[in-house]
Amino acid sequence: MTETTERVTSIVYAAIDELNEQLAEENRVAKALETALLGSAGRLDSIGFVNLIVLVEEKCQDEFGVCISFLDTLATREDNPLRTVGSFIDYMCGVVEEEVSR
């Protein structure tokens, strides 16, 4: 696991912890790479999902010092990197590394 992956995983898990404090117990998101975020197996509704993205963006700005808008970059993708926590972390690592290298 690269340093960026470790840092991004920490950010996502911290955002999940913060989001879970706002959710009913049956809607809480497990901190596991295979946890579904969207679709029929996902636990988040649209508001919960947007809240998670905003929390992650804020934490990335604090951690990496760059302003990242994940929803903007998603519009150009054909695949869905937000299926699971793991695919979201992989996607974020790419975005963060691209922004930090600018």
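Observations, loosely collected:
- Odd one out for L52, checked against (1) free of Cβ contacts under 8 Å to residues at least 40 places away in the same chain; (2) touching a Gly at 6+ places or on another chain (Cβ under 8 Å): (2)
- Taking every residue in the stretch 74-97 that is part of a strand (DSSP E or B) and pairing it with any residue that is surrounded by fewer than 19 Cβ atoms within 10 Å (Cβ to Cβ) and modelled with pLDDT of 70 or more, at least 6 positions away or on another chain, the pairs with Cβ-Cβ distances below 7 Å are T84/L33; T84/E34; T84/T35; T84/A36.
- Qualifying positions in the stretch 43-53 - of a type in the set (V, I, T) and surrounded by 13 or more Cβ atoms within 10 Å (Cβ to Cβ): I53
- Every residue from the stretch 6-42 that is surrounded by 15 or more Cβ atoms within 10 Å (Cβ to Cβ) and more than 13 Å from the chain's Cα centre (by Cα): N20, L23, R28, G42
- Residue count for the stretch 1-51, restricted to those that are assigned to a loop (DSSP other than H, G, I, E, B) and β-branched (V, I, T): 3
- Residue within the stretch 69-78 that is at pLDDT 90 or above and surrounded by 11 or more Cβ atoms within 10 Å (Cβ to Cβ) present: no
The values are calculated or read from the model by the stated rules, or taken from the named source; none is laboratory data. Keep in mind it's a predicted model, so treat the numbers as computed, not measured. Positions of Cβ are generated from backbone atoms using ideal geometry, with glycine treated the same way; all protein chains shown enter the neighbour counts.
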